[in-house]
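The values are calculated or read from the model by the stated rules, or taken from the named source; none is laboratory data. Since the structure is predicted, the reported quantities are computational estimates derived from the model, not experimental observations. For neighbour counting, all protein chains shown are included, and Cβ atoms are generated from backbone atoms with ideal geometry for every residue, glycine included. Heads up: the accessible areas ignore ligands, DNA and RNA and are worked out on the full protein's heavy atoms, side chains in. Shrake-Rupley method; radii C 1.70, N 1.55, O 1.52, S 1.80 Å.
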Amino acid sequence: MNNQTVLVTGGAGYIGSHACVELLQAGFKVVVVDNLTNSKPESLSRVQQITGKSLTFYQADIRDKQALTEIFAKESPSTVIHFAGLKAVGESCEQPQLYYHNNVYGTLVLTEVMTNANVKQLVFSSSATVYSESASKQYTENFPLGACNPYGRSKAMIEDILRDLSAADQIKQTESPWKIALLRYFNPIGAHQSGLIGEDPNGIPNNLMPYVAQVAIGKLPQLSVFGDDYPTRDGTGVRDYIHVVDLVKGHIKAIAALAGEKFEAGGCRAYNLGAGRGYSVLEMINAFEQVTGKTINYKISPRRTGDIAECFANPGLALKELNWKVEKNLDDMVADTWNWQTKNPHGYA
Ligand code: NAD
Ligand code: UD1
């Protein structure tokens with residue numbers, strides 16, 4: 001049993017709820033702060049059901065400085081995992097102020113409260129979307145950054161803020177400097193193997209896997225495959241899909257690394273969390289059909305604005321410095337997505 005308390009912002013959401021399971025199972029005390037704008041408290045009941053352990057939940061907005069200050073004073077966390085954020089690319093183009101206010105300003109308030117409470121270990125949910133499109137399809141952490149939509153830019157701005165905070169402590173040679181891991185996720189999919197928690201998108205899903213799952217179960221009539229004329233092996237887009245349970249295990253490894261040698265003098269370091277290989281849209285459909293025995297009704301449609309042909313991670317740095325790599329394969333991702341979808345056809349509702 002380790003007595004550390006981890007404060008998880010956005011812990012009721014898709015990735016956050018899976019992280020809470022791993023944290024509780026690893027013996028951490030867990031405090032969740034979530035305003036429930038994109039989640040339901042039922043996810044946290046299920047987390048407790050899976051683990052047989054309890055967590056503390058505050059329904060609060062990370063932009064509410066007073067509420068956050070009180071929570072930090074009461075709970076004395078040693079580390080924060082910061083998942084809270086809005087994540088819909090299309091919505092961010094329509095409402096950029098909302099995205100900058102929620103994601104960027106929210107993180108500023110969070111880091112101010114953390115500074116005041118002298119809690120300076122942070123694991124941040126960044127995204128592969130911070131990279132600019134590159135000629136090489138396999139992305140390494142030192143590739144140029146250049147997000148192409150407000151959601152992605154909010155993540156890039158937060159990364160800048162966190163790097164600056166850390167650099168300031170290095171200049172001042174602060175006694176307890178910021179220790180920050182920026183985790184750049186590739187494409188998280190799948191669900192906990194219990195089928196009790198999973199992704200519960202609001203309305204019609206934007207992302208491939210939840211869309212395919214809803215076509216398979218008959219909630220949506222047909223999948224549109226966005227483009228079959230990309231320079232990829234079958235013409236459809238290639239992405240690095242990663243099982244959400246593998247992804248959250250990377251966060252536990254990151255917490256351990258923050259306490260270790262690499263971060264002894266503080267610092268802010270970015271890590272790709274991906275499998276290191278890509279699958280095309282047609283390969284994903286095929287895998288889904290094989291595992292579920294269902295036929296996916298699809299049609300080829302025009303390319304989606306803003307999409308790139310191919311992108312997958314070089315996860316070598318996470319292996320070297322966090323001792324992390326994926327353990328699950330495509331069949332696990334598909335089977336667990338399907339298990340969640342069939343057991344919860346209406347999500348948590
Ligand atoms: P999610 O929407 O399921 O979870 C985010 C949670 O944050 C929700 O429960 C929401 O209610 C909460 N939240 C949002 N704004 C808040 C605020 N101001 N105060 C308190 N709570 C707030 O999303 P997710 O898929 O679990 O993503 C978690 C994080 O990972 C996000 O920051 C997202 O940008 C990032 N990320 C996700 C993906 C992905 O494909 N899911 C990929 C890359 C990065
Ligand atoms: C999207 C977001 C990205 C975010 C990531 C993970 C956009 C432009 N980018 O990326 O910022 O970090 O999700 O949440 O939205 N596809 C179809 N039909 C569909 C849906 C998707 O063919 O109905 C294709 C896409 O063209 C792409 C692949 O499936 O080739 C994966 O799409 P998606 O799941 O949306 O992820 P990303 O495009 O990688």
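Values as computed for the structure displayed
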item	result
Cα gyration tensor shape for segment 5-161, rounded if a/c is under 1.5, else prolate or oblate	prolate
For segment 178-299, convex hull volume per residue from C-alpha positions, Å³	141 Å³
Which of Glu199, Glu112 is most accessible, then next, and so on - probe 1.4 Å	Glu112, Glu199
Convex hull volume of segment 232-349 per residue (C-alpha atoms, cubic angstrom)	155 Å³
Reachable aspartates and glutamates, given that their alpha-carbon falls under 18 Å from the alpha-carbon of Lys40 and they are not under 8 places away in the same chain	Asp61, Glu199, Asp200
Solvent-accessible area, 1.4 Å probe, carbon plus sulfur percent, for segment 113-223	49 percent
CD proxy at 222 nm, helix term only [per DSSP H run n ≥ 4: -39500 (n - 2.57); per residue of the chain; nearest 500]	-11500 deg cm²/dmol
Segment 181-241: trypsin sites (Lys or Arg not before Pro) in DSSP coil with no more than 15 other Cβ atoms inside 10 Å	Lys219, Arg233
Pairs from Lys120/Lys253; Lys53/Lys155; Lys249/Lys320; Lys87/Lys328; Lys249/Lys343; Lys87/Lys343 whose Cα-Cα separation, in the structure shown, is over 22 Å	Lys53/Lys155; Lys87/Lys328; Lys249/Lys343; Lys87/Lys343
Principal axis dimensions, largest first and in whole angstrom, of the chain by Cα	58, 45, 38
Local electrostatic count, Ile180, Cβ distance below 9 Å [Lys/Arg +1, Asp/Glu -1]	+4
Extension gain, Tyr298 back to Ala168 (0.36 nm per residue minus Cα-Cα distance, nm)	41.6 nm
Solvent exposure ordering (accessible area, 1.4 Å, most first) of Glu22, Glu283	Glu283, Glu22
Order of exposure, largest accessible area first, which applies to Arg277, Arg304 with probe 1.4 Å	Arg304, Arg277
Label zone at Asp331 (point 7 Å along Cα-to-Cβ), backbone N below 18 Å, segment 258-292	279, 283-292
10 Å beta-carbon shell around Ile300, net charge (K/R +1, D/E -1)	-1
Amide H contacts of Leu273 (H built 1.01 Å from N, under 5 Å, at least 5 apart or other chain)	Arg184, Tyr185, Phe186
Area accessible to solvent at Ile50, 1.4 Å probe radius, in Å²	40 Å²
Magnitude of the charge dipole, segment 1-122, Cβ model with Lys/Arg +1 and Asp/Glu -1, debye to 20	300 debye
Computed accessible area, His251, all protein chains, 1.4 angstrom probe, square angstrom	0 Å²
Under the span-like rule (Cα at least 30 Å along the axis, Kyte-Doolittle mean at least -1.0), DSSP H helices of the chain	150-172
